[in-house]
1. Amide H neighbours of Arg71 under 5 Å, at least 5 residues apart or on other chains, H built in the peptide plane: list them.
2. Could you tell me which trypsin sites (Lys or Arg not before Pro) in segment 22-113 are loop residues by DSSP with no more than 12 other beta carbons within 10 angstrom of their beta carbon?
3. Mind checking the per residue accessible area of segment 63-112 for me, 1.4 Å probe, whole number of Å²?
4. Work out how much length Asn83 to Val2 would gain on full extension: take 0.36 nm times their residue separation and subtract the Cα-Cα distance, in nm to one decimal.
5. Using only the alpha carbons of the chain, determine the length spanned along each of the three principal axes and report them from longest to shortest in whole angstroms.
6. Is segment 68-113 rounded, prolate or oblate when judged by the Cα gyration tensor, a ≥ b ≥ c being the square roots of its eigenvalues, rounded requiring a/c under 1.5 and prolate requiring a/b larger than b/c?
7. How large is ³J(HN,Hα), in whole Hz, for each residue of segment 60-73 in order, when computed from phi with the Karplus curve 6.51 cos²θ - 1.76 cosθ + 1.60 and θ = phi - 60°, using x for Gly and Pro?
8. At a 1.4 Å probe, what is the % contribution of carbon and sulfur to the accessible area of the chain?
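The values are calculated or read from the model by the stated rules, or taken from the named source; none is laboratory data. Source: prediction; values computed, not measured. Glycine gets a Cβ as well: all are built from the backbone with ideal geometry, and neighbour counts include every protein chain shown. Accessible surface is based on the protein model in full, side chains and every heavy atom, while ligands, DNA and RNA are left aside. Shrake-Rupley method; radii C 1.70, N 1.55, O 1.52, S 1.80 Å.
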Amino acid sequence: QVQLVESGGGVVQAGGSLRLSCAGSGINFRFNAAGWHRQAPGKQRELVATVGSGGGKNYAGSVQGRFTISRDNAKNTVYLQMNSLKPEDTAVYYCYGGWPPTWGQGTQVTVSS
């Protein structure tokens, strides 16, 4: 059974940084695509960043240059480093892995102005 557990969310001031972690069990991130989506109140869930099994990365335009997705194969964990955070980045962030995707429970990120 695949299980993903996110951590690292919290409250930060605008311009600050956070690093989210997504630890996987029952799935090997080395051989599976993974990524992060987010959902703000009253809005649809949107893609933030993905990393393919081959290591290729994609980002939403709104986070390009500020967020970095990475993968630690030894720890079987996917990270999302978020810098220069803005109030509009406030959302619940969900990681996913594999296909069909398995989702984590989500972690709240709140950016205050």
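1. HN-HN under 5 Å from Arg71: Tyr79.
2. Passing sites in segment 22-113 are Lys43, Lys75.
3. Value for segment 63-112: 45 Å² per residue.
4. 26.2 nm
5. For the chain, the Cα extents along the three principal axes come out at 39, 24, 23 Å.
6. oblate
7. 5, x, 6, 10, 3, x, 10, 10, 9, 9, 8, 9, 10, 5
8. Here it works out to 48 percent.
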